[in-house]
Structure formats: C-alpha cells, structure tokens
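Only the coordinates and a few stated rules stand behind these numbers; no lab work does. Computed from a prediction, not measured in an experiment: that's the story for all the values here. Virtual Cβ from ideal backbone geometry, glycine too; neighbours counted across all protein chains shown.
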Amino acid sequence: MATEGDYEREGLIDGIRVDVVRLHETWMELLFPRQRGAAHSVLGKWRPTSGVDKVKYRIWSAIGAPLVAIVYPLALLGFATRFYSRRIDRGVARVGLIGVTLLSILVWGGLTAAARVSFGATAEGFYAVAAASLTAVLASVLAVLFTRVGGRGTTVLLAYPFGMTAIFLPPVVAALYSPTVANAILPQSYDLAKYFLDTVAPARLATFLRASYDLEGVAYVIMWFAIAVPLGWLLGILVTFADIVRPKDEE
C-alpha cells in the first residue's frame, strides 16, 4: 500500500520532470517555433519534416539535454530564493514603505539606544551600532523603494543588491568603530580577500588591486559592498530564471 511519503515523492518527481521538460522546450524554442507548452495547443508542437531540419532538430536537442542537467540546480536555487523573497514581499506589502522605514528605525534605533547605555564611558561601541543602524535602515528602504517603483529590471539591478547590502554592510561598518566587532569581522574579511586575489581573480587584476589599495578602514566597506552588489544581481537573475522555468501562476 502506498504511503503518504510515496505520494509526496511521486509528486516531487513529477514536478521535476515537468520543470526539466519545460526547460528543454525553452532551449528548443531558441531555434524552432512552437516548442514550449505547445503540445496541447491547437496547432500542436512544431516538428521538422525535411531531412535537414530533422538533423538540426536532433542535434540541438542533444546539445540542450546536458545543458538542462547543468542549469536545473540553479533553477532550484532560484525557487528557494523566490520563496523567501515572496514572504518578505508579503510582509512589506502589509506595512508599506513607511511601515518598513519606521520599523527599521524602531529596531535599529532601540539597539543604538541600548548600546549607548551599555557602552557608557566609551563611545566607540555606541558609534559602531549607530553607524550600522543607519546603514541598515538606508539600504532596507532603498531595496523596498526600488522593488516598488520599477519592473523586473529595476528589481534585479537595484533592489536585490541593496537588500544584500542591508545584510552585509552593518556589521562591517560597526567594525570600523568597535575593536571588539573588528576582531570578529575584519580578520575573516582579510582572509576572504586574500583567497579571492590568490585563487579567483585574474593575475593582472590581483596585481592591480594589491598595488593600488590597502585593505584597511573604509576599504572593508567597499569590499563588502562590491560583494553584496553582484550577489544581489545573482540572486535576482536566479529568481528570474525560476520564473521562466516555473511561472508564478503555475504554482
């Protein structure tokens, strides 16, 4: 007798099968008409009739099969990113831009006030939290604003990077004012930068960065902003890719 777990597993396999077929049909449609979702349409899926077209069709299909296998995990990551971004969007929609701004100010302002009391005689800790708070509030507001005022392009180009900035930059900004935070954040940042220059960056770029910049002070902020922006673009592209593979209205 089939169990609930068996049905869930079959449903998952069926969903993956539909996604893979749809993705492969999208690939086929780059060169051939009526491929994606056309099997149940009035005209049906286009099929080659001449010998030359059949050869081209099969070759293009064979090339697409391994490509689909490679990129489908990216679609899965896009599904996960889209799921959490939707939850955030629903929360933002409930309170609006003004609500997000006030909530951010309330949370980070409360943390700043608590830091003022906790750090007492030394102002470094208070300044650290205040600077981090200002960074988080500003980045969060800009992320929401760009999501609302533009279409998909603006969301991917600007909203996602500022969302990542709101996550990454506050602790780094705080580290510029607090030795305690700096000891926890900056050594790992230095190790990451070293790894990037030694193993990822092209030799000329690595040489240029080492000769032109010292990783200290505000350079850490620039470094993490340079990480947050392309990471935001990547997540935005993954969500866009997920929308192509599995449109929202088909879930």
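Observations, loosely collected:
- By the Stokes-Einstein formula, at 1.567 mPa s and 4 °C, the range 129-251 with its Kirkwood radius over alpha-carbon pairs has D equal to 81 µm²/s.
- Cα-projected label distance for Leu134 with Val107, points at 7 Å along beta-carbon direction, nm: 2.0 nm
- Residue exposure sequence - Thr135, Thr154 - by fewest surrounding Cβ within 10 Å: Thr154, Thr135
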